[in-house]
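Beneath this line is the structure, given in structure tokens, with notes to follow.
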């Protein structure tokens, strides 16, 4: 799969087949995240990969899924992620501008490579951080930021381009139809692309 195809195919997936993920693939995903751009090259991120089924289940119980489609967007017992990546920050290595840029670049690299490897992902920020930190034995001083859920996708969310006149905040909510197909509205290229000067 070429890079552009992987970028265009990447969507947040919330239903997974139960196939295990090859540890070498997981290692490649973390390597992609590791070498992503970092503010001042301070590299404050560390990653904990979770694949043990019992621990995966415990992590799952600490996550809140798909606010726009709750409870339908929460994976049922036969479609939960088979791996997680805990994205952690060492504050002493953080840039004065913060770690959001590092986290975004790392997550983008990881999730795009995941698509290339036949995997789906969902980046989750709404988590019970104290409980997950304890489950993963995170040392004091290593801050859990977010979780990337991973697995072989059992669904293929559909992107829908919004018309320019529909691009307000109130219409960006993703939804599921009666057949449980997820649709994800995106502001159109025509709406967000400006040549030379902003159209105003």
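Where a number appears in this text, it was derived from the coordinates with a stated rule and is not lab data. It should be emphasised that the depicted structure is a prediction, and the values quoted were computed from it without experimental measurement.
Based on DSSP H segments of at least four residues, each scored -39500 (n - 2.57), the chain has a per-residue ellipticity at 222 nm of -8000 deg cm²/dmol.
The DSSP beta bridges internal to the chain are antiparallel in roughly 80% of cases. Pairwise Cα separations in the chain fall into 5 Å bins from 0 onward with the following percentages, short to long: 1, 7, 14, 17, 19, 17, 13, 8, 3, 1, 0.
The smallest convex shape that holds all Cα atoms of region 104-179, its convex hull, gives 178 Å³ per residue.
Measuring between their Cα centroids, region 42-86 and region 4-26 lie 13 Å from each other. With the alpha-carbon atoms of region 1-108 aligned to their principal axes, the span from lowest to highest coordinate is 43, 33, 31 Å, starting with the largest.
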